[in-house]
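Take a look at the structure set out below.
The values are calculated or read from the model by the stated rules, or taken from the named source; none is laboratory data. Nothing here was measured: the structure is a model prediction, and the numbers come from that model. When we count neighbours, we look across all protein chains shown, and the Cβ atoms used for this are built from the backbone with ideal geometry, even at glycine. Note: areas computed on protein heavy atoms with side chains; ligands, DNA, RNA excluded. Shrake-Rupley method; radii C 1.70, N 1.55, O 1.52, S 1.80 Å.
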Amino acid sequence: MKYLKILLGMMMCVFLFSCKNEENNFEGSWKLISYEKDGIAQVIADSTLNISFEKKNLVNISGNAGVNDFMATIGLNDGAIESFSEIVTTRMAGDPEVMQFESELLQTLSGADVIEVDIEENAKYLVITNTKEKSILKYQFQTSQKWTVEALFSDDELENISTIENKPYLILYDNGDVAGSTGINLINMTFKIDESKNEIKFSEGPMTLIAGDGASSKIETSFLNNLIKTEYYEESGNNLVFLSKDGTVLIQFVKE
């Protein structure tokens, strides 16, 4: 995805110039760079946060808290967090110190009440504040690209789904994180890529468990199965195609 990475770099330059005029543009991928509790800097582990808008004032978040992946939905009102769903996480064990950091991080996130964007010296930061426990999380922006599904391989043929209302989508982040939707449920995955061979492989992650109707559930199942079967990709302009090991087209995307 060399073209994609070049494009993301160009977008970042334009974005840093223009986002000064955009209030509270939270969407994107963020990497934790500092954590303060009661004015004292805390030791942090590698942690990421991915944000996408489900609709106006309703935001999907996902990421990695140090050991485990997590996801949740928050309701916003001009930077104030008015609601925060239960955080869903994987259940892996890790280094005790990192697990302790993860526990405190998720507690701070779940009780946060303010979220805002800050621009400093041509860099973009996300600041999340938990007023009650006097904690501040600061993240730095990373580039990403959103791809929406136009066609899915199902029942031995490629089915066009471009006309349905809630199409599946993926947001691919430079750090290898994936956030997205099956059209019904939110998903959080990771991917590895070998650009020299046009190879790409996805690993399963946590997913919400909302039930859908028959047609939507069929699309969800096909989407998830095709993602795991994906071995190769082809990218051209605004189009991205995932293929199986034998070259079968599994998913066709269009860039948003």
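Descriptive notes on the structure:
- Over the stretch 128-174, accessible surface divided per residue gives 49 Å², non-protein components excluded, 1.4 Å probe.
- The fraction of Cα-Cα pairs per 10 angstrom bin, counted from 0 for the stretch 52-103, comes to 24, 41, 26, 8 percent, rounded to whole percents.
- Cα shape, the stretch 26-175, gyration tensor, a/c 1.5 rule: prolate
- The chain, relative contact order [Cα under 8 Å, separation at least 6], %: 15 percent
- Amide proton proximity set for LEU186, modelled H, under 5 Å, gap of 5+: THR208
- Estimated 222 nm signal from helices in the chain, with DSSP H stretches of n ≥ 4 weighted -39500 (n - 2.57), rounded to 500: -6000 deg cm²/dmol
- Over the stretch 69-213, relative contact order from alpha-carbon pairs under 8 Å, at least 6 apart, %: 15 percent
- When the Cα positions of ILE136, TYR125, ILE171 are compared along the charge dipole of the stretch 105-174, ILE136 comes out farthest toward the positive end, with charges on each C-beta of Lys, Arg, Asp and Glu.
- Long-range amide H partners of GLU231 with built H, under 5 Å: LEU243, SER244, LYS245
- Relative to the longest principal axis of the Cα atoms of the chain, the long axis of helix 96-110 makes an angle of roughly 90 degrees.
- Rounded percent of accessible protein surface that carbon and sulfur make up, the stretch 71-215, 1.4 Å probe: 46 percent
- Gyration tensor (alpha-carbon) shape descriptor, the stretch 92-141, a/c threshold 1.5: oblate
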